[in-house]
1. If each DSSP helix of 4+ residues adds -39,500 (n - 2.57) and the sum is divided by the residues in the chain, what number results at 222 nm, nearest 500 deg cm²/dmol?
2. Which of rounded, prolate or oblate describes the stretch 43-136 when judged by the alpha-carbon gyration tensor and an a/c cut-off of 1.5?
3. According to a simple spin-label model (label point 7 Å from Cα along Cα-to-Cβ), what is the distance in nm between THR157 and ARG121?
4. Pulled fully out, how much extra length does the chain show between ASP97 and THR70, if you take 0.36 nm times their separation in residues and subtract their Cα-Cα distance?
5. Shape of the stretch 131-175 from its Cα gyration tensor (a ≥ b ≥ c, root eigenvalues): rounded if a/c is under 1.5, otherwise prolate when a/b > b/c, or oblate?
6. Normalising by the residue count of the chain, find the relative contact order in percent from Cα pairs under 8 Å and 6+ residues apart.
7. As a test, work out the antiparallel percent of DSSP beta bridges whose residues both lie in the chain, rounded to the nearest 5.
8. Pull out a ≥ b ≥ c, the square roots of the eigenvalues of the alpha-carbon gyration tensor of the stretch 99-145, then state rounded if a/c is under 1.5, prolate if not and a/b is larger than b/c, and oblate in the remaining case.
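What follows is calculated from the coordinates using simple rules that are stated; it is not laboratory data. Not measured: the values here are computed from a predicted model. FYI the Cβ positions are ideal-geometry reconstructions off the backbone, even for glycines, and counts take in every protein chain you see.
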Amino acid sequence: MSQSERIAVVGGTFTPIHNGHRALLHTAFQTASHDDGGDGHVVVGLTSTALATRTRSDPAHVELLGSFETRRDALDTELERVSAAYSASYEIIELTDTQGPAATRADADALVVSPEAKAQRRAHEVNRKRMTDGLRPLEIHTAPFVIAEDGTRISSTRIRDGEIDVHGRVLDDGE
């Protein structure tokens, strides 16, 4: 990679992939593609099954996630579609801890996160670790919340619970 390429890091479980995830991915590609002198690169960390098991607020949801390989294939398909609009390339890596490559990659420029408080806290923790380890802090780019038609944000939990679909449409009890 040339010196002028911007590297943006984003991570998550990405299942099921919904419009909120798409906003996160678009923000990552916009961030990486921002520099005129290079094409940029997006590093997408996909949560390992073991990490998902440790970090789920509802352990019952882990079984609904599907295998890492299935999630990776679905994410790769989505990334192919999203990345077509940008000059940046991408790669998918397996996340085995909550900080991932954002905490250790010296060549990373930006971390893209959701506006959730937990994600914002983790982003600042990553930068504290980077500075402690002698690395420069990352730019933190926050993707917008995507709101469902009922005025509440889209989330994987709401989709798994059958409240909304991946586009934020409210599901009737009969669907």
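1. Computed mean residue ellipticity for the chain: -10500 deg cm²/dmol.
2. Cα axes put the stretch 43-136 in the oblate bin.
3. 1.3
4. Values: separation 27, 0.36 × 27 = 9.72 nm, distance 1.98 nm.
That pair, ASP97 and THR70, stretches by 7.7 nm at full extension.
5. prolate
6. 27
7. Bridges in the chain that DSSP calls antiparallel: roughly 10 percent.
8. Taking the square roots of the gyration eigenvalues as a ≥ b ≥ c, the stretch 99-145 is prolate.
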